[in-house]
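Colleague: Let me give you the structure first, and then I'll get to my questions.
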Amino acid sequence: MTLPSATLLAQAVLSGLFTGALYGLLGLGLSLSWGMLRQINLSHFALAFLGAYLTYELAGRHGVDPLLTLVFIVPVFFAIGAGLHALLARFQVSPFNSLLVTFGITVIVEAALQWFWTADYRRLESVYAEHRLRLGPLFLPVPELITLGLAVGLTLAVWLALARTDVGKAMRAASQDAPVAAAFGVNQGALALALSGLNAALAGVAGVCIALVYTLTPSQIYAWIGVVFACVMLGGLGRPLGPLVAGCIIGITEALTMAVAAPSWAPLVSFSLLILVLLVRPGRLA
Amino acid sequence: MRIDRRTFVAAAGALGASVLVRPQPAAAQPAGTPIRIGSTLALTGPLSATGLVHKLTGEIYVDSLNKRGGLLGRPVEWVLKDDQSKPDLARTLYEQLVTADKVDLLIGPYATGAILSAMGVAQRYNKTLVHHTFGIPKLAKYSQQFPAWSLGPEPEKTTPAMVLDALAASGKPPRTIAVVTSKFPSVHFVALGAREVARQRGLKEVLFLEWDFGNRDFGPIAGRLKEANPDFIWNGALGLEGSQLLDAMKKIDYAPLHHFYHFPSPAPMLKAPEANGALATTIFEGHPPFTDNPVAAEFVKTYRERATQANMPDTAVETQAAASFSAWQIIEAAVVATKGLDDKAMADWLRANRVDTIQGKLRFDGPNNYGDDLSKIKQVQDGKWLTVWPKEWAAPGARLRTRGVTS
């Protein structure tokens, strides 16, 4: 067996980093929803693909720059997220039942995507797709760099907002002990609506990145659930930096596994890591 | 045995003249109780992109059949259910079709897993099952199943042999090979066959990799291919995997000399400039000599119109639609020949006779009712899939191109 070259290993690390960044971006909203709102929101993945298809429609068919679609997608998805939370709150849906309800929403969104865009494959031919940067022998594709930039930027922004701003602190207080937070004047209901809107907007941003990098088909919604859940659990629920860090670790480990061993072993990595963390740090999910 | 172009065109022309193209006397309107033909298709779920191809093809055929007078003078009704790309659900729905809907005849779903499920039900009720695209012939044990996809009984030998024959005649025959493949059953066993055939022909294998179906990151696989730098890549790719690997190779500035993709999604691959030169198998393409057959030409035209109306991005007829159309042709031929709907009689007739289809004359007297492997090789050339091998089936003016080699 010949050893892989340093170039191959470095390119694999980059490839894993890019994939992991998307895991992290998808996991960010899911983690906040699960950890701070106690909603296991499976429809997060459906919203991401709805965002991807809207990007495809606006950029691919109407000539809008894919990144400019964010101007439309972010506020619309914020409203969708807030509306979804209002619905779940109105019927006092428990965390476990939120899993079932949002799975149902996912199926409905998938059917809607198929109705509008058919089940056939859709590929966004964006202006960014043909561009890449070169770093010595290494290649850095621009769509993946955009994804990495958005994932890192948004993760840091959310982390800072939750850690340093009054609104962020109020959100954390409300998620930890809502009655006590309310006693201090925190409007838990409004903050929950805002947080749910933020999570949906983050799903929309992830959708733009998916459209930039991947070919779309409605059933792909389900292909991301397992590994992103692993990222969220590894990163810790409600911790903004966690999914990105865990996503990059999983992405890079998977890519290195493919580069030095059999690619078919790669899917084992994320879940092996998850089991290992649960064994070593069983309180990680708390 | 292979069917040459002349025989095919003559047979197809005779068939076509008798059905679609020749100005026909007004067909008698079908009357009486409809003949109900039941099936499932993957109308939703991961296989639904291709399922819609089969749905559209079936609708076109049944419309045409009823305009031509139906079957046995009776109208034909297609009872179609959505198996959601789930083989277990396909089994349940075929049970329903036989026991509750009491359909007269069965036609298969598409995709190997669902067809296996349907085959089990058909066997339980002694129903004849003509199916569309079953990928693993050795698993088709039921005596009353009939494949519409002319793969031959041993595609793990015949497909690699055909591909390597074509490359041997190219401007730069390969001396080294990399076999990379999905572990999806329908492509995996043929990839293993390709390793064996390549070894027998003296090609040096420089890389063998397998990935699980659903893999998202093809970057490291592309990197390993670039380092191995084979003359020929056999890619046991299914669906989008071919496009994903091509994209990953482009991102690291690697363009292979010869590259073959087993079952790619044809439309996405056409849109990628880096796919130029990519090879794949086919049983039918929407260009001459296939469309010298008037039935085929009419089908290609109608399919394109209806697919456009249905907002399907890919409006070209190729293997999936052709196999689907052939399945309906096989059922029609068997009913007409036996003058009835008796499953056993139809099965006996099919095993003893050949059926004219748009992919050629099919026979069902080989192992597991498989006949000749009628596969051809197509190549992406300037944004189009063109058949290039065997030469007598090549699109007009088309020949196998090799990157960097002037033909």
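Residues checked against (1) in contact with a Leu (Cβ under 7 Å, 6 or more places away or on another chain); (2) of a type outside the set (A, V, I, L, M, F, W, C):
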position	(1), (2)
A:40	yes, no
A:87	no, no
A:102	yes, yes
A:109	yes, no
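Colleague: List every residue pair whose Cβ atoms sit under 9 Å apart, with the two residues 6 or more apart in sequence or on different chains, where the first one lies in the stretch A:122-151 and is of a type in the set (Val, Ile, Thr) and the second, anywhere, is part of a loop (DSSP other than H, G, I, E, B).
Modeller: A:127/A:65; A:142/A:128; A:142/A:129; A:142/A:130; A:142/A:131; A:146/A:128
Quick grid of which residues meet (1) within 16 Å of the chain's Cα centre (by Cα); (2) not in a helix (DSSP H, G or I):
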site	(1), (2)
B:95	no, no
B:110	yes, yes
B:134	yes, yes
B:141	no, yes
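Colleague: Let me ask another. Being of a type in the set (A, V, I, L, M) and either outside any helix (DSSP H, G or I) or under 21 Å from the mean Cα position of the chain (by Cα) (or both) is the filter here; which residues of the stretch B:335-353 pass it? Spell out the reasoning first.
Modeller: Of the stretch B:335-353, the ones of a type in the set (A, V, I, L, M) are B:335-337, B:341, B:345-347, B:350, B:352.
Of everything in the stretch B:335-353, those that are of a type in the set (A, V, I, L, M) and either outside any helix (DSSP H, G or I) or under 21 Å from the mean Cα position of the chain (by Cα) (or both) turn out to be B:341, B:350.
Colleague: Then there is this: Give the residues of the stretch A:1-46 that are crowded, with 24+ Cβ neighbours inside 10 Å, within 11 Å of chain B (Cβ to nearest Cβ) and among the small types (Gly, Ala, Ser), sorted by residue number.
Modeller: Answer for the stretch A:1-46, where residues must be crowded, with 24+ Cβ neighbours inside 10 Å, within 11 Å of chain B (Cβ to nearest Cβ) and among the small types (Gly, Ala, Ser): A:12, A:15, A:16, A:20.
Colleague: So, of the residues in the stretch B:189-223 that are crowded, with 20+ Cβ neighbours inside 10 Å, touching a strand residue (DSSP E or B) at 6+ places or on another chain (Cβ under 8 Å) and part of a helix (DSSP H, G or I), which turns out to be farthest from the other protein chains (Cβ to nearest Cβ)?
Modeller: B:198
Colleague: Also, I was wondering about something else. Pick out the one residue from A:239, A:164 that is surrounded by fewer than 24 Cβ atoms within 10 Å (Cβ to Cβ), basic (Lys, Arg), within 20 Å of the chain's Cα centre (by Cα) and away from chain B (no Cβ under 14 Å).
Modeller: A:239
Colleague: If the Cβ limit is 6 Å and pairs must be 6+ apart or interchain, which residue in the stretch B:352-370 that is at positive phi pairs with which residue that is not in a loop (DSSP other than H, G, I, E, B)?
Modeller: Cβ pairs passing all conditions: B:360/B:8; B:368/B:137; B:369/B:146.
Colleague: For the stretch A:99-132, give me each residue that is more than 12 Å from chain B (Cβ to nearest Cβ), modelled with pLDDT under 90 and under 22 Å from the mean Cα position of the chain (by Cα).
Modeller: A:126
Colleague: If I go through the stretch B:227-250 residue by residue, how many of them are touching a helix residue (DSSP H, G or I) at 6+ places or on another chain (Cβ under 7 Å) and touching a residue at least 12 places away in the same chain (Cβ under 8 Å)? Write out each step before concluding.
Modeller: First pass over the stretch B:227-250, keeping only residues touching a helix residue (DSSP H, G or I) at 6+ places or on another chain (Cβ under 7 Å): B:227, B:232-238, B:240, B:242-243, B:245-246, B:248-250.
With the extra rule that they be touching a residue at least 12 places away in the same chain (Cβ under 8 Å), the set shrinks to B:232-238, B:240, B:242-243, B:245-246, B:248-250.
The number of residues fulfilling the criteria is 15.
Colleague: Of all the residues that make up the stretch B:151-182, how many are within 14 Å of another protein chain (Cβ to nearest Cβ) and in contact with a Ser or Thr (Cβ under 6 Å, 6 or more places away or on another chain)?
Modeller: So the count comes out to 0.
Colleague: Still on this structure, I have one more. Please indicate, with yes or no, whether at least one residue in the stretch B:263-283 is modelled with pLDDT of 95 or more, out of contact with any Asp or Glu (no Cβ under 6 Å at 6 or more places or on another chain), part of a helix (DSSP H, G or I) and within 22 Å of residue B:377 (Cα to Cα).
Modeller: Scanning the stretch B:263-283, I find no residue that is modelled with pLDDT of 95 or more, out of contact with any Asp or Glu (no Cβ under 6 Å at 6 or more places or on another chain), part of a helix (DSSP H, G or I) and within 22 Å of residue B:377 (Cα to Cα), so the answer is no.
Colleague: Take residue B:302 and tell me if it is within 13 Å of chain A (Cβ to nearest Cβ), under 21 Å from residue B:323 (Cα atoms), polar (S, T, N, Q) and over 17 Å from the mean Cα position of the chain (by Cα).
Modeller: Values: within 13 Å of chain A (Cβ to nearest Cβ): no; under 21 Å from residue B:323 (Cα atoms): yes; polar (S, T, N, Q): yes; over 17 Å from the mean Cα position of the chain (by Cα): yes.
It is false that residue B:302 is within 13 Å of chain A (Cβ to nearest Cβ), under 21 Å from residue B:323 (Cα atoms), polar (S, T, N, Q) and over 17 Å from the mean Cα position of the chain (by Cα).
Colleague: A further question on this structure: At pLDDT below 95, closer than 21 Å to residue A:220 by Cα and under 27 Å from the mean Cα position of the chain (by Cα): does that describe residue B:219? Spell out the reasoning first.
Modeller: Details: at pLDDT below 95: yes; closer than 21 Å to residue A:220 by Cα: yes; under 27 Å from the mean Cα position of the chain (by Cα): no.
Answer is no for this residue.
Colleague: Go through the stretch B:305-330 and count every residue that is touching a residue at least 24 places away in the same chain (Cβ under 8 Å) and within 17 Å of the chain's Cα centre (by Cα). Break it down into steps so the answer makes sense when it comes.
Modeller: So the first thing to find is which residues in the stretch B:305-330 are touching a residue at least 24 places away in the same chain (Cβ under 8 Å), and the list is B:306-307, B:310, B:312-314, B:316-330.
Narrowing further to those that are within 17 Å of the chain's Cα centre (by Cα): B:314, B:316-330.
Result for the stretch B:305-330: 16.
Colleague: Continuing with this model, one more query. For the stretch A:179-186, indicate whether the set of residues that are part of a helix (DSSP H, G or I), buried (at least 19 other Cβ atoms within 10 Å of the Cβ), of a type in the set (A, V, I, L, M) and in contact (Cβ under 8 Å) with a residue 24 or more places away in the chain is non-empty. Step through it out loud before you land on a result.
Modeller: Narrowing the stretch A:179-186 to residues part of a helix (DSSP H, G or I): A:179-183.
From what is left, the residues that are buried (at least 19 other Cβ atoms within 10 Å of the Cβ) are A:181.
Filter once more, so that each one left must be of a type in the set (A, V, I, L, M): A:181.
In the following step, the residues that additionally are in contact (Cβ under 8 Å) with a residue 24 or more places away in the chain were identified as none.
Within the stretch A:179-186, none of the residues are part of a helix (DSSP H, G or I), buried (at least 19 other Cβ atoms within 10 Å of the Cβ), of a type in the set (A, V, I, L, M) and in contact (Cβ under 8 Å) with a residue 24 or more places away in the chain.
Colleague: Spot the failing condition for residue B:317; the list is (1) assigned to a loop (DSSP other than H, G, I, E, B); (2) surrounded by fewer than 23 Cβ atoms within 10 Å (Cβ to Cβ); (3) in contact with a Gly (Cβ under 9 Å, 6 or more places away or on another chain), and only one is missed.
Modeller: That leaves (2) as the condition not met.
The values are calculated or read from the model by the stated rules, or taken from the named source; none is laboratory data. The structure presented is a predicted model; accordingly, all values stated were derived computationally and were not measured. Heads up, the Cβs are rebuilt from the backbone with ideal geometry, glycines too, and the neighbour counts pull from every protein chain shown.
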